[in-house]
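The values are calculated or read from the model by the stated rules, or taken from the named source; none is laboratory data. Quick caveat, the model's predicted, so the values are computed rather than measured. Backbone-built Cβ (ideal geometry, glycine too); neighbour counts: all protein chains shown. Surface accessibility is based on the protein's heavy atoms, side chains included, excluding ligands, DNA and RNA. Shrake-Rupley method; radii C 1.70, N 1.55, O 1.52, S 1.80 Å.
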Amino acid sequence: MPALIPMNEIKPLVSIIVRTKDRPKLLLRALQSIAAQQHRIIETIVVNDGGCDVDPEELRIILGDMPVTYIRLGKNHGRPHAGNVGIANAKGDFIGFLDDDDEYYPDHISTLLDGLSRETNCSAAYADSEIIEREYREDGSIVRELNRGTFRSWDFSFAVLLFENFIPLNSILLRRDVLEAAAGFDESFELYEDWDFFIRASEKNLFYHIPKVTSKYIQWSKTDQIAFVNLPDAVDYYLKVLTKHWDKITPEFAYHYFAAKQDEIASLSNAVSEKQELKELFREREERLKAKDIYIEQIVRQSEELKNELRSREHYIEQFQSSLGWKLLDAYRSRIKPRLFAPGSRRETFYLLILKGLSVIITKGPRVAFGKVKDRIRQKFAQQRIRNEKFVLPVIQSEQPEILDKKVSAIIPTKNAGSEFRMTLQKLRAQKGIRDLEIIVVDSGSSDDTLKIAEHYGARIFSIKPEDFNHGAVRNIGAEKATGDYLVFLSQDVIPIGDLCVHAIIKIIEGDPLIAAATARQIPRSDADLFACWQLWYYYNNVLGLSDDHISSVDKAVFSSLAPDEKRRVSQLDNIFSCIRKDIFDRLKFNPIPYAEDLDLGLRIISEGYKMAFFSTVGVVHSHTRPPDYYFRRSFVDIKHLVRLLEFKPISWGDFGITTTEDMLACVYGFYQKINAVAAMQANRGADQPARELLDSLERFLRDPEMPSATGGENSLE
């Protein structure tokens, strides 16, 4: 009986042996699956069997806090020899294997260790492995992936193993003494070396099967890669295994294997029955498709009716254009107007303003028109009183920038930041051009590896209770612990772009003692959806009106008289990634409010006569893909706090005919109905319609009182 380790009392060291040759991209993917294991006490032995060299530092970065041993053989000796080299260098109590083109699920090792702790009389445990068929590009990225199901989910039988290998090597974990007693792999085998080893190792030791998928066995084609049935030497090596162990094959074992295959055939028969049931389901689906065809015919008829209506309207337009009134109007617009109001002239500007004002008066009334004129005049005067200083960020040509004799404290509130938090800290640690950088993490109850990752990168960690979290207060805690000259506030999922991000911001701030704070531009992630990308674009180009590096400042005397949107534009501070002088922050600090604490601080900074910088040429990667209901709730919270902070004048909904919640919902539903009606009509026209024409059609139909709405009347949102 092998010596047992009480795994319920200690967590044993597990050695994972990775054999590789000329597949560096796939190797990195395999190592990432080891780094993601729930059981963390792992050492990895990478044996390069005479292939192209691999950067050991890149392996260490992927595996993080897990030790790795990299062994490069001078020439190719074959898979069995590479496995034996890995066994000789392994120090773990348990040993597993992972080829460079296979992968583990995160619970692989913990599942096998748990099984061995429960089945104490077993010397090895194996779980199930999914067969994944993949096609790769040359750069290692996946072109196509198809799940072929679970490979041979069978409980252990020595009799069956003598005739057929049903245990993938990447799915098993063995006690170290079992490997030593079996003397590793037989190096005379180029194929089936794992099968031969399993027969020798299990002859006197019990193997335990856990019917749970914990790994991926990757195939590169439709062939059965585990059996190597299509390789030229497969039959020879299969017979070699049988010949080597012929003395163990008894009539009883042969019958046992025969009975097991009969059971497998019965299972296949059941699968055929299930296939028949699927055919019946497909038949029902075809009937539904026929019903759908009938529905499509109805849609086509409706489309023809709409086309007839369109031809009628086109005929009406032709008659209108042939009328005397239209000809006079056309002559005025094409001949007389360009002479009276030359394009680009001041006369044309006043002419267009008059037309726009008349349109507002006719459609919305003189009261609304007068309000718009008053707001426009106030904003115009406010813009003239704001001193805007634009600058171009200097391009640093040298890879070794000028070192600023300043210390920076990066403050990050965290809770379950996930594995990507490693990239955030790695990019912070890579920043150049500053004397010193400290990382301060204020965590509010993380249950994942956030704190371990932070500790690995040398962060100072402070913990608070989850119920005590507050956006302003938690950042004040980090600032109180900071010892730097500058404070950089950032979110846990932000990735600074480049290694001069912090240096570039501080260098500009250092050039002007009145610049108190700065914000970097956000760049959406590559997997961000369309709405997330549009939201950032709209925020910078329409809300803030900023497309380049920009410094804003306002005289104290006129700041209070600015319009709310101008106050927001010049005071915008974003804690996604912001930098503030510590001496100024220690005096002002964040107010302990649950939302918009950064804008609140920005308003107070500008009101005291300081300047605020916005960087378009210094960016960070940050975005979120959220469901629609999140944006609805977020917009409500945004408006609620902006009205309070910026003193927006509340909207007088009565001017629009909305006096109750039911009125508002009716307008929203009416708008929704009109959008649907326009979308249905445009779909019948095809996808080649120009975007401008589509928008014109949408505007025309929204203004049409006969279009469907909740109340049946005019769209009151206009």
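All of (1) at pLDDT 90 or above; (2) surrounded by fewer than 18 Cβ atoms within 10 Å (Cβ to Cβ) hold for Leu174 with one exception: (2). Assess whether Gly545 counts as being touching a helix residue (DSSP H, G or I) at 6+ places or on another chain (Cβ under 8 Å), of a type in the set (Gly, Ala, Ser) and without any contact (Cβ under 8 Å) to a residue 40 or more places away in the chain. In short, yes. Summed over the stretch 212-248, the residues that are open to solvent by 20 Å² or more (accessible area, probe 1.4 Å), under 40 Å from the mean Cα position of the chain (by Cα) and at pLDDT 85 or above give a count of 4.
Residue-wise test of (1) under 30 Å from Asp655 (Cβ atoms); (2) of a type outside the set (D, E, K, R); (3) in a helix (DSSP H, G or I); (4) modelled with pLDDT under 80.
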site	(1), (2), (3), (4)
Ile361	yes, yes, yes, no
Arg367	yes, no, yes, yes
Val373	yes, yes, yes, yes
Arg378	yes, no, yes, yes
Val395	no, yes, no, yes
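Would you be able to say whether some residue in the stretch 330-344 is in a helix (DSSP H, G or I), within 30 Å of Val373 (Cβ to Cβ) and among the acidic types (Asp, Glu)? No, that holds for no residue. Taken as a whole, the condition of being in contact with a Leu (Cβ under 7 Å, 6 or more places away or on another chain) and open to solvent by 20 Å² or more (accessible area, probe 1.4 Å) applies to Ile461. Could you please let me know if Ile16 is of a type outside the set (S, T, N, Q) and buried (at least 23 other Cβ atoms within 10 Å of the Cβ)? Here the answer is yes, as Ile16 does meet what is asked.
Looking at this structure, is Ala90 assigned to a loop (DSSP other than H, G, I, E, B) and open to solvent by less than 30 Å² (accessible area, probe 1.4 Å)? In short, yes. Any residue at all in the stretch 197-211 that is more than 30 Å from Leu113 (Cβ to Cβ), in a loop (DSSP other than H, G, I, E, B) and at pLDDT 85 or above? The answer is no, given that none of the residues of the stretch 197-211 is more than 30 Å from Leu113 (Cβ to Cβ), in a loop (DSSP other than H, G, I, E, B) and at pLDDT 85 or above. Annotation note: Cβ proximity below 6 Å between a residue of the stretch 427-445 that is touching a residue at least 24 places away in the same chain (Cβ under 8 Å) and part of a loop (DSSP other than H, G, I, E, B) and a residue that is of a type in the set (Asp, Glu) and open to solvent by 40 Å² or more (accessible area, probe 1.4 Å) (sequence gap 6+ or interchain) occurs for Ala430/Asp499; Gln431/Asp499; Lys432/Asp499.
Counted as qualifying within the stretch 491-570 are the helices (runs of 4 or more DSSP H) with 1 or more residues that are more than 30 Å from Ile403 (Cβ to Cβ), of a type in the set (A, V, I, L, M) and open to solvent by less than 30 Å² (accessible area, probe 1.4 Å), namely 530-538, 556-559. Candidates Ala30, Ala127: the one that is surrounded by 19 or more Cβ atoms within 10 Å (Cβ to Cβ), under 35 Å from the mean Cα position of the chain (by Cα), of a type in the set (A, V, I, L, M) and under 30 Å from Leu425 (Cα atoms) is Ala30. For the stretch 595-608: of the residues being in contact with a helix residue (DSSP H, G or I) (Cβ under 6 Å, 6 or more places away or on another chain) and open to solvent by 30 Å² or more (accessible area, probe 1.4 Å), which is farthest from Asp549 (Cα to Cα)? Out of the qualifying residues, it is Tyr595. Considering the stretch 433-448 alone, what residues qualify as being open to solvent by 50 Å² or more (accessible area, probe 1.4 Å) and more than 20 Å from Phe469 (Cβ to Cβ)? Of everything in the stretch 433-448, those that are open to solvent by 50 Å² or more (accessible area, probe 1.4 Å) and more than 20 Å from Phe469 (Cβ to Cβ) turn out to be Arg435, Asp436.
Can you name every residue in the stretch 64-79 that is open to solvent by 60 Å² or more (accessible area, probe 1.4 Å) and touching a strand residue (DSSP E or B) at 6+ places or on another chain (Cβ under 8 Å)? Within the stretch 64-79, Pro67, Arg72, Arg79 qualify.
Farther than 21 Å from Arg200 by Cβ, open to solvent by less than 60 Å² (accessible area, probe 1.4 Å) and modelled with pLDDT of 75 or more: which single residue out of Ala266, Ala259 fits that description?
The conditions single out Ala259.
Taking the conditions (1) outside any helix (DSSP H, G or I); (2) surrounded by fewer than 19 Cβ atoms within 10 Å (Cβ to Cβ) in turn, Ser110 satisfies each one other than (1).
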